[in-house]
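For reference, the structure is listed below as structure tokens.
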Amino acid sequence: MNKIELLNALDNVDASRDGRDRMAAMVLADPPIFKVLLHLAMQPGHPAGYKAFWVLERVVLQDLALLLPHLDTFLAGLPALNKPQAVRPAAKICELLLTTQQRQHRDTGPKLLQKKHLSALTAICFDWLLGDAKVAPKAYAMTCLHLLGEQQPWIHPELKVILERDMPLASAGYRARAKNILKKLKAQREWRH
């Protein structure tokens, strides 16, 4: 598949999981096209950019290793995303990166993310949480910041203040995730003492 064929295929992708999964299967069958897909996704002004992110999410959920050589590009492009349709899958990919890192850390495996990656993830997740992102990216950002706080202790107190401040006026989805994170933070504090 070349870039033109990829663009044509993305034109036909809809928001359904089935459509995104079919397109992801095409990318997984032709791994060199992943770089082109990522490049399109990281162009916020491109008409196919958010659809590329829909597919990118599904690809990365099945094969995270395809993203790893391109982490710097991925993380550098996140602050420029401005369409909610692209921010949600980007935030989900960030959560996947951090949950995978946590699993590998428990298994004493090699670290997936370097310090510079963790710093970039911290910045973008705080931006999503404090900015005007929709509920889903905010929820993913909460989980990411909770996980990041296990390696960077200053994050947990900041996260706690933000969640407690914003919960009363937030949506039900935001409140549910925030309560879950606050409960985990409380349990961790009690365990340490």
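Bear in mind that the values in this text are calculations on the coordinates, not laboratory data. Since we're looking at a predicted model, the values are computed, not measured. Here the Cβ positions follow ideal geometry from the backbone for every residue, glycine too, while neighbour counts run over all protein chains shown.
Observations on the structure shown:
- Segment 1-69 shape via C-alpha gyration tensor axes, a/c threshold 1.5: rounded
- Backbone geometry of segment 30-46 corresponds, through the Karplus equation with coefficients 6.51, -1.76 and 1.60 at θ = phi - 60°, to 3J(HN,Hα) couplings of 9, x, x, 6, 4, 4, 5, 4, 4, 4, 5, 4, 7, 9, x, x, 6 Hz, x marking Gly and Pro.
- Think of each Lys and Arg Cβ as +1 and each Asp and Glu Cβ as -1; about the Cα centre, that makes the dipole of the chain roughly 700 debye.
- Given charges at beta-carbon only (K, R positive; D, E negative), |dipole| of segment 76-179 in Debye: 220 debye
- Legend: distances between Cα atoms for K3/K116; K35/K115; K51/K160; K116/K183; K83/K184; pairs beyond 27 Å are K3/K116; K51/K160; K116/K183; K83/K184.
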